[in-house]
Every structure is written in C-alpha cells, then in structure tokens.
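A quick write-up on the structure given underneath.
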C-alpha cells in the first residue's frame, strides 16, 4: 500500500518501522514541528521526523493541519491508499481523513470506547485497571469515536509504569497494524458503544503533584502512571522531588500527618498517607540532580524521620 504516516513521539516508531519491514510504500511522514527542548531550548525534531529522514521518507510539519491549505493540497496530490495515525498530536479534518480509498485509521492505546483522548495509558494506570490493549479504528471528526477495525487485549503487569506500558503497547500496536492492513478488505467495521465511553484528557505537568492525604495505593498508581513523564512529584524544603518508584505497604498502622516520614532505611523512605496507609519511596530524583535510590538521598541527613513532604 501507498501510505501517508502521521505520528510524532517515540511510541509511533514501532508502527512506522513495521510498515517499512512489511514492504509498504511510505510516501510521506507528517509530524509535529520541531520544538524547543532541554535547558538550552534548542529546536529538536520529533522522533518520527528523525526516523523518516534517516530512511529517505519525505517529511511535512504543518503547525496546524486543520488550517493549512498547503497540507491539504499536498495530500490531494499524493492520493495515498490509506493514512495511518499513531500519536500524531493534532486533530485531522474530514477533508484529509476521507481522501484515501481506505480512508484514515488510528492506532490507539486503549480498549475503545474506554479512555478516549490523549492520555489513555496514564488513565488506565491511574484507575487501577488490570488490563488494557490497542484498538485500530477508522477516523471521523469526533475524538476517538470511529468504527473499530481490530482490537487486542493485554494484562497490565503489577509494577509496570507508564513508559514501560506505552512501549509494550506500541509494539503490540505495530503488529496489530500490519495484520489489520493485510485483512482490511474483509474487515467489517464495528461501531463503538458510545454509552460505555470514558475519557482520558491530556495530562498537564502539575497534575503529577502527589497528595499525601490520599491512600498509599492511590499514590502508587499515580507514580506508576506519571513515570517517566510528566513525572510524579512532591516538595521537600521548598524543592521539587520527583518520585520515580515505590510501593504501597500492606501495613495500615501509621498514625501521623499525611506526608510525614515514618522510617528511613535501605529499603526506602516510608511516608504516612491517608487512613494510616504507608507508601515506601524506593527511588527519586531531587531537583536539578540525577536519579538515585531513596536511601542514598537520605544519607548525610538530607531527610530523616519526622520530616514532612509536600
């Protein structure tokens, strides 16, 4: 097939690579414009742009594709067989989605209609789901509401964080994409049950702030969901402290203020949470420093029993 690929982040690369491996003709990659990154705010290309240029695939980077006549004209001139979207990051107008013979399909990291939106991986972890998956559906003008072409389910591993789960779903989605394209002429699209839909809106950096007045299990889900990005964090002595890994302890015997450090040991830092539950911080990253074990952070009296987080 002649394919125009829409995608931007690392999670889109397995699908892009699989399409090439399967012998499809990638006639164009459309991705987000270069963005400032890092302390120096240097303009940095998306992973999809870098991959595409390395493999001789032409690249287009419209700032707002919905209002870009040149992008529409380019796609009209190409007339691909199908458009494939994986985490592109912009809403595509019907004038573009309906162009190809096979229209446009999206690889979405949830079991639709659950978790429509920009953050399905984080939402599944935040809500304590035991399973998730990948859905390939036909795009329409409404957010993630198109008819389903294929779907595959997978269990969420007990300590899997957002980055690990997304990487695994990206690989699963790439395989499902190739299988779906191979069977596309025989697939009967299935409408979604809109009454069962849930949303996964875009997550902001400040959403990662930990509320120690929550139960330890809730804290643990947020740390997993927000690692490695946008990160779960608290404050200690006025500085931001990113929490990278931990676990909720079974004990519920703590009687202290939420956020109070109850124990400092090689296993980590025990923090009092709601209803006497305890969350053990195992690894963290102090502001402007590298990641480290929580025990290493406690050395030289940096943090001690009785200190208060948040």
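The set of residues from region 68-89 being modelled with pLDDT under 95 and either surrounded by 16 or more Cβ atoms within 10 Å (Cβ to Cβ) or within 16 Å of residue 33 (Cα to Cα) (or both) comprises just one member, 89. Quick check: anything in region 231-250 under 17 Å from residue 126 (Cα atoms) and not in a strand (DSSP E or B)? Yes; the residues of region 231-250 include at least one that is under 17 Å from residue 126 (Cα atoms) and not in a strand (DSSP E or B). Counting only strands (runs of 3 or more DSSP E) wholly contained in region 54-162, the ones carrying 1 or more residues that are on the phi < 0 side of the Ramachandran plot, out of contact with any helix residue (DSSP H, G or I) (no Cβ under 7 Å at 6 or more places or on another chain) and touching a residue at least 60 places away in the same chain (Cβ under 8 Å) occupy 82-86, 104-108.
There is at least one residue in region 14-36 that is at pLDDT below 95 and farther than 20 Å from residue 135 by Cα. What is the number of the single condition among (1) over 13 Å from residue 8 (Cβ atoms); (2) without any contact (Cβ under 8 Å) to a residue 40 or more places away in the chain; (3) within 22 Å of the chain's Cα centre (by Cα) that residue 34 does not meet? Here residue 34 clears every test but (1). The single condition among (1) buried (at least 20 other Cβ atoms within 10 Å of the Cβ); (2) within 17 Å of residue 272 (Cβ to Cβ) that residue 248 does not meet is (1).
Within region 12-25, can you find the residues that are more than 10 Å from residue 51 (Cβ to Cβ) and in contact with a strand residue (DSSP E or B) (Cβ under 7 Å, 6 or more places away or on another chain)?
Listed by number, the residues that qualify are 15, 19, 24, 25.
Going through 146, 133 one at a time, which residue ends up being closer than 30 Å to residue 248 by Cβ and either buried (at least 16 other Cβ atoms within 10 Å of the Cβ) or at pLDDT 95 or above (or both)? Just one listed residue meets the conditions, 133.
It is to be established whether one or more residues within region 178-197 are crowded, with 21+ Cβ neighbours inside 10 Å and in contact with a helix residue (DSSP H, G or I) (Cβ under 7 Å, 6 or more places away or on another chain). The answer is no; no qualifying residue exists. You will find that of 286, 228, the residue that is surrounded by fewer than 21 Cβ atoms within 10 Å (Cβ to Cβ) and under 21 Å from the mean Cα position of the chain (by Cα) is 228 and no other.
Among the residues of region 192-210, those that are over 20 Å from residue 242 (Cα atoms) and either in a strand (DSSP E or B) or touching a strand residue (DSSP E or B) at 6+ places or on another chain (Cβ under 8 Å) (or both) comprise 192, 197, 198, 199, 200. Taking the stated definitions as given, is residue 213 in contact with a helix residue (DSSP H, G or I) (Cβ under 6 Å, 6 or more places away or on another chain), in a loop (DSSP other than H, G, I, E, B) and at pLDDT below 95? Judged against the criteria, residue 213 is not a match. On the basis of being modelled with pLDDT under 95, in the same structural domain as residue 46 (by TED's automatic domain parsing) and surrounded by fewer than 19 Cβ atoms within 10 Å (Cβ to Cβ), does residue 159 make the cut? Criteria met by residue 159.
The values are calculated or read from the model by the stated rules, or taken from the named source; none is laboratory data. Please read all numbers here as calculations on a predicted model, not as lab measurements. Positions of Cβ are backbone-derived with ideal geometry, glycine not excepted, and every protein chain shown enters the neighbour counts.
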